[in-house]
Every structure is written in C-alpha cells, then in structure tokens.
C-alpha cells in the first residue's frame with residue numbers, strides 16, 4: 001500500500017499546490033474559473049478525443065461493466081436519498097445529497113490518475129464510468145430537481161437535459177473520438193502532436209484547478225458533509241465491488257479499474273448544479289472539501305486492495 005500511496009501522492013500534491021495558490025490569493029477565484037474553463041473545454045476534451053479516437057469501440061464498450069457500475073451507484077444513490085427523506089428533506093435537496101454520495105471526480109482526477117496507475121488499458125473502463133455518470137446521473141438530478149419543484153416532469157426539462165448533454169464537451173469529445181475510430185480514420189501527425197500537447201495540459205491543469213477551487217469551499221454542515229463523504233469514499237466502492245464481483249462479474253482488470261473509479265471523492269460539478277439551482281451549495285461545498293482531503297488516505301488503500 002505504501003507504494004500505491006507514493007504513486008498517488010504527486011496527484012494530491014498538485015491539488016495541494018492549487019489549494020495553497022487559491023488560499024493565498026496567488027490565484028483568484030476568477031482566474032481559477034478561467035483555468036477550469038480551459039481544462040474543461042480544451043485540454044481535457046483533447047485528451048478524451050485522443051484516447052477514444054485511438055481505441056476501437058469494441059474495446060471500449062462493455063455492457064456488463066455499465067450494468068455493474070449502474071447497480072452499485074444506484075444502490076448508494078438510494079441509501080443517501082432514503083437518509084435524506086428520513087431527515088425530512090424535499091426531493092430536490094435529497095437529489096443533490098444523493099449526487100454527492102454517488103458521483104466522483106472521474107473526469108478531472110480519475111482519468112489521468114488511473115490511466116497512469118493502471119496503464120492506458122484503463123482508459124476504456126474509466127471513460128465508460130465517466131459517460132455513465134454524465135448521461136445517466138447528471139440527467140437524473142435535473143429530472144428530480146425540476147420534477148420535485150414542479151410536481152411533474154415537463155417537456156422543457158427533457159429538452160434542457162438533451163441540450164446539456166449535447167453541449168457537454170466531455171460527451172462531445174468522446175463521441176467524436178469514437179466516430180473517428182469507427183471510421184478507422186488515421187490521425188495525421190500534426191493533429192496528433194496538437195492533441196498530445198493540448199491534452200498534456202489536462203492533468204496538471206485539472207488537478208491544480210481542483211485544489212484552487214477547494215480553497216473557496218466552506219466547511220459548514222460538517223456532520224452531513226462527513227456522512228456524504230463516507231458514502232462516496234467507502235460505501236460507493238464497496239457496493240460497486242460487490243456488483244463487479246458477485247452480480248455482474250467482470251474480468252479482474254476491469255473490476256479493479258471500476259472499483260478504483262468509484263473510490264474517488266465528490267465531483268466538483270455537483271457544486272455547480274447545487275449553486276445553479278440554489279439547493280444546499282454550502283453542504284455540497286463542504287462534502288467536496290472533506291471528501292477530497294480524506295481521499296488522500298482512502299484512495300490508496302482501495303487501489304492496493306483491488307490490486308491484490
């Protein structure tokens with residue numbers, strides 16, 4: 001486990017550097033917002049396109065993996081929702097808490113870190129996990145929030161979900177890359193160099209941006225945030241492991257990657273949704289802060305365990 005900890009340490013060190021830069025105001029919130037935009041729309045998109053364009057669709061798609069991840073994630077989603085209802089929360093607030101409990105930082109943290117730890121063979125499974133989060137659970141929270149507020153599901157909500165998916169650069173870049181791969185198109189050398197250079201900025205840029213954004217997070221509602229962090233860092237990988245080992249058995253390597261992806265801390269885009277809809281943003285902020293800090297100690301043991 002010490003070896004795994006040392007291999008993950010540089011990733012968390014860059015997050016820590018970003019946190020220091022944000023906390024000391026060396027990087028302002030506005031500057032970090034633009035850095036995040038650059039990573040999200042350009043660098044990470046170039047990385048995802050390059051990865052998916054160089055992988056045959058048959059090597060990426062794994063229906064059993066998707067079912068296993070959906071089962072494990074939905075189980076934790078349901079637990080967090082039930083606890084929220086027992087505390088008297090309404091549907092929109094429960095949906096936001098469930099999103100914290102089950103959706104990890106796969107795009108900004110998981111993809112670069114797991115690709116380095118497990119090798120490029122991990123890219124396919126990680127992209128499936130990312131796509132499932134974006135398509136299924138990012139749509140689900142919008143449906144629950146709008147349906148909970150309006151009392152019914154409106155056609156406008158479905159149009160909003162569709163437009164959001166089509167505008168999401170992660171989905172667009174993965175889809176475009178798979179089309180490129182499907183048509184067996186070669187990547188010209190200048191384009192390949194361009195994608196390598198631009199995509200190379202994704203890992204340090206994303207990690208630094210995560211850290212800088214954490215500097216602006218508050219630690220209010222610590223007890224609830226700790227519960228959500230426990231769901232994400234402990235229950236989520238546990239139930240996903242149960243799914244990939246018992247209910248939807250996968251090959252050993254895919255199972256390892258999926259469980260490791262489930263062990264990642266709460267995703268930053270949950271805060272963006274909470275802030276946009278005005279639902280418990282401080283609670284979400286605290287969950288992201290606490291789970292990311294705790295993940296320094298929880299992620300290495302999970303990765304070491306799945307590698308046994």
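Any chance you could count how many residues in the stretch 173-213 are farther than 18 Å from residue 58 by Cα and either free of Cβ contacts under 8 Å to residues at least 60 places away in the same chain or assigned to a helix (DSSP H, G or I) (or both)? Write out each step before concluding.
Start the filter on the stretch 173-213 by keeping residues that are farther than 18 Å from residue 58 by Cα, which leaves 187-213.
Within this subset, residues satisfying the condition of being either free of Cβ contacts under 8 Å to residues at least 60 places away in the same chain or assigned to a helix (DSSP H, G or I) (or both) are 188-200, 202-213.
Of the residues in the stretch 173-213, 25 are farther than 18 Å from residue 58 by Cα and either free of Cβ contacts under 8 Å to residues at least 60 places away in the same chain or assigned to a helix (DSSP H, G or I) (or both).
Could you tell me whether any residue of the stretch 202-215 is farther than 23 Å from residue 114 by Cα and either out of contact with any strand residue (DSSP E or B) (no Cβ under 6 Å at 6 or more places or on another chain) or surrounded by fewer than 16 Cβ atoms within 10 Å (Cβ to Cβ) (or both)? Step through it out loud before you land on a result.
Within the stretch 202-215, the subset farther than 23 Å from residue 114 by Cα is 215.
Filter once more, keeping what is either out of contact with any strand residue (DSSP E or B) (no Cβ under 6 Å at 6 or more places or on another chain) or surrounded by fewer than 16 Cβ atoms within 10 Å (Cβ to Cβ) (or both): 215.
Yes.
What pairs can you find where one residue is in the stretch 83-96 and at positive phi and surrounded by fewer than 20 Cβ atoms within 10 Å (Cβ to Cβ), the other is at pLDDT 95 or above and not in a helix (DSSP H, G or I), and their Cβ atoms are less than 6 Å apart, with a gap of 6+ or different chains?
none
Quick check on residue 127: is it farther than 22 Å from residue 284 by Cβ and assigned to a helix (DSSP H, G or I)?
Details: farther than 22 Å from residue 284 by Cβ: yes; assigned to a helix (DSSP H, G or I): yes.
Yes: the conditions hold for residue 127.
Residue check: is residue 287 modelled with pLDDT under 95, under 25 Å from residue 16 (Cβ atoms) and touching a strand residue (DSSP E or B) at 6+ places or on another chain (Cβ under 7 Å)? If you could, list the steps in order and put the result at the bottom.
Details: modelled with pLDDT under 95: yes; under 25 Å from residue 16 (Cβ atoms): yes; touching a strand residue (DSSP E or B) at 6+ places or on another chain (Cβ under 7 Å): yes.
Yes; evaluated as a whole, the condition is true for this residue.
Considering 304, 286, which residue is in a helix (DSSP H, G or I) and under 18 Å from residue 235 (Cα atoms)? Walk me through how you get there before you give the answer.
Details: 286 fails: under 18 Å from residue 235 (Cα atoms).
None of the others qualify; the one that does is 304.
Considering only the stretch 219-236, state which residues are surrounded by 23 or more Cβ atoms within 10 Å (Cβ to Cβ) and either in a loop (DSSP other than H, G, I, E, B) or at pLDDT below 95 (or both).
Keep residues of the stretch 219-236 that are surrounded by 23 or more Cβ atoms within 10 Å (Cβ to Cβ), which gives 225, 228-229, 231-233, 236.
225 - this is the single residue of the stretch 219-236 that is surrounded by 23 or more Cβ atoms within 10 Å (Cβ to Cβ) and either in a loop (DSSP other than H, G, I, E, B) or at pLDDT below 95 (or both).
Residue check, residue 77 against (1) within 21 Å of residue 170 (Cβ to Cβ); (2) under 19 Å from the mean Cα position of the chain (by Cα); (3) at pLDDT below 95, all met but one. Which one?
Of everything listed in (1) within 21 Å of residue 170 (Cβ to Cβ); (2) under 19 Å from the mean Cα position of the chain (by Cα); (3) at pLDDT below 95, residue 77 misses just condition (3).
I'd like to verify a number: residues in the stretch 272-288 that are within 18 Å of residue 209 (Cα to Cα), buried (at least 24 other Cβ atoms within 10 Å of the Cβ) and under 16 Å from the mean Cα position of the chain (by Cα), how many?
Qualifying residue count, the stretch 272-288: 4.
Take residue 216 and decide whether it is touching a residue at least 60 places away in the same chain (Cβ under 8 Å), touching a helix residue (DSSP H, G or I) at 6+ places or on another chain (Cβ under 9 Å) and in a loop (DSSP other than H, G, I, E, B).
Numbers: touching a residue at least 60 places away in the same chain (Cβ under 8 Å): yes; touching a helix residue (DSSP H, G or I) at 6+ places or on another chain (Cβ under 9 Å): yes; in a loop (DSSP other than H, G, I, E, B): yes.
So residue 216 passes the test.
Being in a helix (DSSP H, G or I) and within 20 Å of residue 300 (Cα to Cα) is the filter here, so list the residues in the stretch 252-277 that pass it. Spell out the reasoning first.
Narrowing the stretch 252-277 to residues in a helix (DSSP H, G or I): 252-262, 269-277.
Correct list: 252, 253, 254, 255, 256, 257, 258, 259, 260, 261, 262.
Give me the residue from the stretch 159-172 that is under 23 Å from the mean Cα position of the chain (by Cα) and either without any contact (Cβ under 8 Å) to a residue 12 or more places away in the chain or outside any helix (DSSP H, G or I) (or both) and, out of that set, farthest from residue 37 (Cα to Cα). Can you show your working first?
Let us first name the residues in the stretch 159-172 that are under 23 Å from the mean Cα position of the chain (by Cα), namely 160-172.
Subsequent filtering for residues that are either without any contact (Cβ under 8 Å) to a residue 12 or more places away in the chain or outside any helix (DSSP H, G or I) (or both) retains 162-163, 166-168.
On the way: 162: 21, 163: 19, 166: 17, 167: 14, 168: 12 Å.
Checking each candidate, the answer is 162.
The values are calculated or read from the model by the stated rules, or taken from the named source; none is laboratory data. Predicted model, so just to flag it, every value in this text is computed and none were measured. Glycine also receives a Cβ, built like all others from the backbone with ideal geometry; neighbour counts cover every protein chain displayed.
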